[in-house]
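See structure below.
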Amino acid sequence: MQRNCWKPPRAGKEEQASASSGLSPGVIVLLVVAALTVSLGFARLPDSLLGIGVVGVGVFLAISARICQAREQHQALCKALEGLRRG
């Protein structure tokens, strides 16, 4: 029987716990406040500044994506350091 190549193998309990933990509540609150600020600021821009507003929204989305990516990299680094400490 072949393994389904679209599904990764099941992780151990420790890996499942760290994978299921999301962003901290403080980060979520800050992202929500930032999203509200960006949307209100974008809505109040005059027509002549809409191009800059679109760039600003793009920068906000890029920073938000980087925050999520940094979390994943931090967890992978902590897991690697934990493996070195045990070994």
Original post:
Among the residues of the range 19-51, which ones are over 30 Å from E72 (Cβ atoms) and assigned to a loop (DSSP other than H, G, I, E, B)?
Top reply: R44, L45, P46
**OP:** Determine the pairs where a residue that is without any contact (Cβ under 8 Å) to a residue 60 or more places away in the chain and closer than 27 Å to A35 by Cβ, located within the range 62-87, has a partner that is part of a helix (DSSP H, G or I) and among the hydrophobic types (A, V, I, L, M, F, W, C) with Cβ atoms under 7 Å apart, the partner being 6 or more residues away or on another chain.
**Re:** S64/L31; I67/V27
Original post:
Residue check, K13 against (1) surrounded by 11 or more Cβ atoms within 10 Å (Cβ to Cβ); (2) basic (K, R); (3) at pLDDT below 85, all met but one. Which one?
Top reply: (1)
Original post:
Taking G56 and the conditions (1) within 14 Å of the chain's Cα centre (by Cα); (2) surrounded by 10 or more Cβ atoms within 10 Å (Cβ to Cβ), which numbered condition does it fall short on, given that it satisfies the others?
Top reply: (1)
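The values are calculated or read from the model by the stated rules, or taken from the named source; none is laboratory data. All of these numbers come straight from a predicted model, not from anything done at the bench. Cβ: placed from backbone, ideal geometry, glycine included. Neighbour counts: every protein chain shown.
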